[in-house]
Structures are given as C-alpha cells and as structure tokens.
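S.K.: Before anything else, here's the structure in question.
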Amino acid sequence: SQTIHQWPATLVQPVGSPLSLECTVEGTSNPNLYWYRQAAGRGLQLLFYSVGIGQISSEVPQNLSASRPQDRQFILSSKKLLLSDSGFYLCAWSKGHTSSYEQYFGPGTRLTVT
Amino acid sequence: SQQGEEDPQALSIQEGENATMNCSYKTSINNLQWYRQNSGRGLVHLILIRSNEREKHSGRLRVTLDTSKKSSSLLITASRAADTASYFCATRGSQGNLIFGKGTKLSVKP
C-alpha cells in the first residue's frame, strides 16, 4: 500500500531563517506531487506541483521554492522566512494530474514563523 | 483561483441529526470530489462523483450533483461526534488540476 510521509510535524523558526520541509511517498512510482499551504481556518492554496523528477510548476509567486531530486521525494524550501509564511503545509500525491484523480495527503507540517 | 465554494462555512448539529453541506462551482467539470479534514491533519478523500452521475452513496454519505446549477451537496446521515471535521469540495481548475474550496466546518455535539 502507498504511504506518504512529511517531516517535521511542527516547526518554529525565526524570521529570516531558512526552511526545508520534506515529503516522501512509498509504494508507488512516478507520482504527481503537490505542496499546499493552509492558513488557519482556510482552504488549501496550491503552491507547487511536480509531474516528474526535476519538473516543478509554481502556482503562486512567493518566498518559497520546491525541488524534486528523486521520484518520490518533494522538498519545500525558503532561503529567508517571512512572518506570512506561517501556516499548515500539506504534501499530497496522485496517480494523475487532472481532476479525475483523487489526491492522498500527508499528515502536514505546522510552521510558525516568529 | 477559487472554483468550488462550500456553504455554510460552519455547521453545528446534534448527534443523530443529518448534516448537509453544499458546494457551488463556476466552470464545467468532469467530476467533483469531496474530502474530509480532521483538525490539524491531512485531507482524506471521501467520494468522487462524475458529471454524468446525479447521486452517489458511500455508507452514511450521500452526494448529489446538479450540473445545470453547477452545485453539489454532501449529506451525512445519522451524524456522530466523530464526524466533526472540515469538509471540502474539489473541482477542476483552469489548468485541469484539482482545486479545493474553503470548506465547511462541521461540529457534531454528543
């Protein structure tokens, strides 16, 4: 069966510090991968998606970047965090990129920028 | 850009009652999905309904789709305290990918 992992689960970082969040998927190959951010009590904002190794699409210009160094690894990074980067970050995977495919979510990372 | 919009934003009911949540969308779709999110957790897929389907059931869940009104509803029958969660609809965005609404926060009181 497929599983998706995210770490860390929670993170408190000062403004201006770097960020690296990691997501890995097990039990499937060539997944489509997604990073979302969810502000408190709000919906999901798609940040990045990837349909293959080294292929990253950005949905919203911002202070973050993403990389996919391996087939089942997706990393979200920032060189200098802003207060507005605080939120709940969710990684997800799907078998296909269109809306016909359901997405499977990781447990999320709660990021607080102080 | 926002595609699906759920209403109400929040819903509070007693255990045993039915809960109905609605989703409206703007453009044509091939299908519509509903997800559930427990507080502080990831989303879990509940059900997918295709554009040529009008109603679909899964356990205590009943989803309807009205493509002429561009709307869908999620009904949870005989609700339980464990159903307390946020519920999201998801539809096709302009790039063909899946995009999520802002969700309905359901509270079921024992």
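Here, each number is a calculation from the coordinates, and none is a lab measurement. Note that this is a predicted model, so its numbers are computed, not measured. Because the Cβ atoms are built from the backbone with ideal geometry, glycine has one as well, and the counts that use them run over all protein chains shown.
S.K.: Going by what's in this entry, would A:LEU46 be described as within 14 Å of chain B (Cβ to nearest Cβ), touching a strand residue (DSSP E or B) at 6+ places or on another chain (Cβ under 8 Å) and over 23 Å from B:GLY93 (Cα atoms)?
M.R.: Working: within 14 Å of chain B (Cβ to nearest Cβ): yes; touching a strand residue (DSSP E or B) at 6+ places or on another chain (Cβ under 8 Å): yes; over 23 Å from B:GLY93 (Cα atoms): no.
Criteria not met by A:LEU46.
S.K.: Would you point out which residue out of A:ARG110, A:ARG37 is among the basic types (Lys, Arg) and surrounded by fewer than 20 Cβ atoms within 10 Å (Cβ to Cβ)?
M.R.: On the way: A:ARG37 fails: surrounded by fewer than 20 Cβ atoms within 10 Å (Cβ to Cβ).
When all the criteria are applied, what remains is A:ARG110.
S.K.: Among the residues of the range B:47-82, which ones are crowded, with 19+ Cβ neighbours inside 10 Å and farther than 15 Å from B:CYS23 by Cβ?
M.R.: The answer is B:SER79, and nothing else.
S.K.: Scan the range A:58-70 for residues that are exposed (fewer than 14 other Cβ atoms within 10 Å of the Cβ) and over 18 Å from A:GLY87 (Cα atoms) and jot them down. Quick ask: steps written out before the conclusion?
M.R.: Filtering the range A:58-70 for residues exposed (fewer than 14 other Cβ atoms within 10 Å of the Cβ) gives A:60-61, A:63, A:69-70.
Passing the criteria: A:PRO69, A:GLN70.
S.K.: Sticking with this one: Are any of the residues in the range A:96-114 in contact with a helix residue (DSSP H, G or I) (Cβ under 7 Å, 6 or more places away or on another chain), of a type in the set (Val, Ile, Thr), in contact (Cβ under 8 Å) with a residue 60 or more places away in the chain and not in a strand (DSSP E or B)?
M.R.: Keep residues of the range A:96-114 that are in contact with a helix residue (DSSP H, G or I) (Cβ under 7 Å, 6 or more places away or on another chain), which gives A:111, A:113.
Now drop any that are not of a type in the set (Val, Ile, Thr), which leaves A:113.
Next, from what is left, pick out any that are in contact (Cβ under 8 Å) with a residue 60 or more places away in the chain: A:113.
Still in the list and also not in a strand (DSSP E or B): none.
Checked against the condition, which is being in contact with a helix residue (DSSP H, G or I) (Cβ under 7 Å, 6 or more places away or on another chain), of a type in the set (Val, Ile, Thr), in contact (Cβ under 8 Å) with a residue 60 or more places away in the chain and not in a strand (DSSP E or B), the range A:96-114 yields no hits at all.
S.K.: State yes or no: is B:ALA19 crowded, with 19+ Cβ neighbours inside 10 Å, more than 24 Å from A:TRP35 (Cβ to Cβ) and touching a residue at least 60 places away in the same chain (Cβ under 8 Å)?
M.R.: Values: crowded, with 19+ Cβ neighbours inside 10 Å: yes; more than 24 Å from A:TRP35 (Cβ to Cβ): yes; touching a residue at least 60 places away in the same chain (Cβ under 8 Å): yes.
Here the answer is yes, as B:ALA19 does meet what is asked.
S.K.: Let me ask you something else. With respect to A:SER20, is the statement that it is in a loop (DSSP other than H, G, I, E, B) and surrounded by fewer than 20 Cβ atoms within 10 Å (Cβ to Cβ) true? I'd like the intermediate steps shown before the answer.
M.R.: Numbers: in a loop (DSSP other than H, G, I, E, B): no; surrounded by fewer than 20 Cβ atoms within 10 Å (Cβ to Cβ): yes.
No.
S.K.: For a quick check of your reading: which strands (runs of 3 or more DSSP E) sit entirely within chain B and have at least 2 residues that are facing chain A (nearest Cβ under 9 Å) and farther than 21 Å from A:GLY108 by Cβ? Don't jump to the end; show me each part of the working.
M.R.: On the way: elements: B:5-7, B:10-14, B:19-24, B:31-37, B:43-50, B:55-58, B:61-66, B:71-76, B:85-92, B:98-100, B:104-109.
Because the criterion is at least 2 residues that are facing chain A (nearest Cβ under 9 Å) and farther than 21 Å from A:GLY108 by Cβ, the strands (runs of 3 or more DSSP E) in chain B that meet it are B:31-37, B:43-50, B:85-92.
S.K.: Name every residue in the range A:72-95 that is in a loop (DSSP other than H, G, I, E, B) and surrounded by 14 or more Cβ atoms within 10 Å (Cβ to Cβ), in order of residue number.
M.R.: Residues of the range A:72-95 that are in a loop (DSSP other than H, G, I, E, B), as a first pass: A:72, A:79-82, A:86, A:95.
If the condition is that a residue be in a loop (DSSP other than H, G, I, E, B) and surrounded by 14 or more Cβ atoms within 10 Å (Cβ to Cβ), then A:ARG72, A:LEU81, A:SER86, A:LYS95 are the ones that fit.
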